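Some notes on the structure that comes next.
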Amino acid sequence: MMGPSHALSGATAWLAGTWALDHFAGYEQSPLAIAVGTLVCAGGALLPDLDLSGKVTRNQGGATVARTFGVFSLFAAEVIEKISLGIYTATRLSRDPRRTNGHRTFTHTLPFAALVGWGTTWLSGHYGKWAVVGIVFFMAGLALRGLFDKWAERAGWVIVTICSAVIAMFTAANLPGDRGYPMLGFAVAVGCVVHLLGDIITSAGVPILWPIPTGRRLWRMVGVPNSMAVRVGGKVETVVLRTAFVVISLLAIAGIFAPGLLQHIELQAWADNSGR
Ligand SMILES: [Zn+2]
């Protein structure tokens, strides 16, 4: 999938999960926690493609995320791609093909998702507010890039950076640490996993089994068969899937907030009646 679809799928997954937890397990979250979680999960759903530097066709997934913070993120993407390639080369088995590019390797595995999720929670727990500022700044930047791609393209990376900084400062000042900080890490990890699912349905495949060896391969690319795959950037992705994501997100938001709102209105009416 392209960047915007990845980001949207992350936001949708988080909102749907939030609704389900609230509805079935009675786990309620503050509106701020829900908003931050959604943004961080959307950003997390772009994170794996930070292994794709700027030397790709414009508007491909990697470019979206690698352009977030201008040359800085382009450079970071270059470094991450090289590190991923290093991990691939060091761990590949005899049947794994030789590679010269690290795209869709280490950052597209479940251990990577767990690692960045755990790292995010550890950093926020250990360094507190300042770590949260940094993490939310980075993730919000990715999310804004992905969710509002047209706007971000027009506004340019300086504006995106300023918006991310404002969101980060506000979050750090208002998000309680006890439940909020572990939530940040969880949202990053969920986002990464959602990204992998998105890549799987577009047939490109990801090494989802890594590091479990299968038939002298450690890096088996798993994806749906070509005949069933969603074409990257095609109508199914840009119209059908994105519309479905938006509808599910809106339903989830309504499901989360409507009951409380209705109750509030009923209480208000009751108070008005009994007051008369
Ligand atoms: Zn990817």
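The values are calculated or read from the model by the stated rules, or taken from the named source; none is laboratory data. As the structure is a computational prediction, the values presented were derived from the model and not from experiment. In this analysis, Cβ positions are derived from the backbone assuming ideal geometry, glycine residues included, and neighbour counts consider all displayed protein chains. Accessible surface areas use protein heavy atoms only, side chains included; no ligands, DNA or RNA. Shrake-Rupley method; radii C 1.70, N 1.55, O 1.52, S 1.80 Å.
I want to confirm something. Restricting to segment 111-125 and keeping residues that are open to solvent by 30 Å² or more (accessible area, probe 1.4 Å) and either part of a loop (DSSP other than H, G, I, E, B) or within 16 Å of the ligand (Cβ to nearest atom) (or both), which single residue is farthest from I201 (Cα to Cα)? The selected residue is V116. Taking segment 147-199 as the range and being within 16 Å of the ligand (Cβ to nearest atom) and open to solvent by 80 Å² or more (accessible area, probe 1.4 Å) as the test, only L197 passes.
Among the residues of segment 257-275, none qualifies, meaning not one is β-branched (V, I, T) and surrounded by 12 or more Cβ atoms within 10 Å (Cβ to Cβ). Just so you know, in segment 200-228 the residues that are over 12 Å from H108 (Cα atoms) and β-branched (V, I, T) include one that is nearest to the ligand (Cβ to nearest atom), and it is T202. Within segment 173-201, residues that are assigned to a helix (DSSP H, G or I) sit with their Cβ atoms under 7 Å from residues that are hydroxyl-bearing (S, T, Y) and within 16 Å of the ligand (Cβ to nearest atom), at 6+ positions apart or across chains, in these pairs: V194/S9; G198/S5; G198/S9. List pairs: first in segment 146-164 and under 20 Å from S5 (Cβ atoms), second of a type in the set (D, E, K, R), Cβ under 8 Å, 6+ apart or cross-chain? Note: pairs meeting the criteria are A152/R145; V160/R145.
List pairs: first residue in segment 253-275 and under 24 Å from G26 (Cβ atoms), second residue of a type outside the set (A, V, I, L, M, F, W, C) and open to solvent by 90 Å² or more (accessible area, probe 1.4 Å) anywhere in the structure, Cβ distance under 7 angstrom, at least six positions apart or on different chains. Here the result reads G255/H23, each pair linking segment 253-275 to a residue that is of a type outside the set (A, V, I, L, M, F, W, C) and open to solvent by 90 Å² or more (accessible area, probe 1.4 Å).
Checking each residue in segment 229-247 for being open to solvent by 80 Å² or more (accessible area, probe 1.4 Å) and in contact (Cβ under 8 Å) with a residue 12 or more places away in the chain picks out only R231.
Based on this model, can you work out whether L142 counts as touching a Leu at 6+ places or on another chain (Cβ under 6 Å) and either within 16 Å of the ligand (Cβ to nearest atom) or farther than 18 Å from P48 by Cβ (or both)? For L142, the condition - touching a Leu at 6+ places or on another chain (Cβ under 6 Å) and either within 16 Å of the ligand (Cβ to nearest atom) or farther than 18 Å from P48 by Cβ (or both) - is met.
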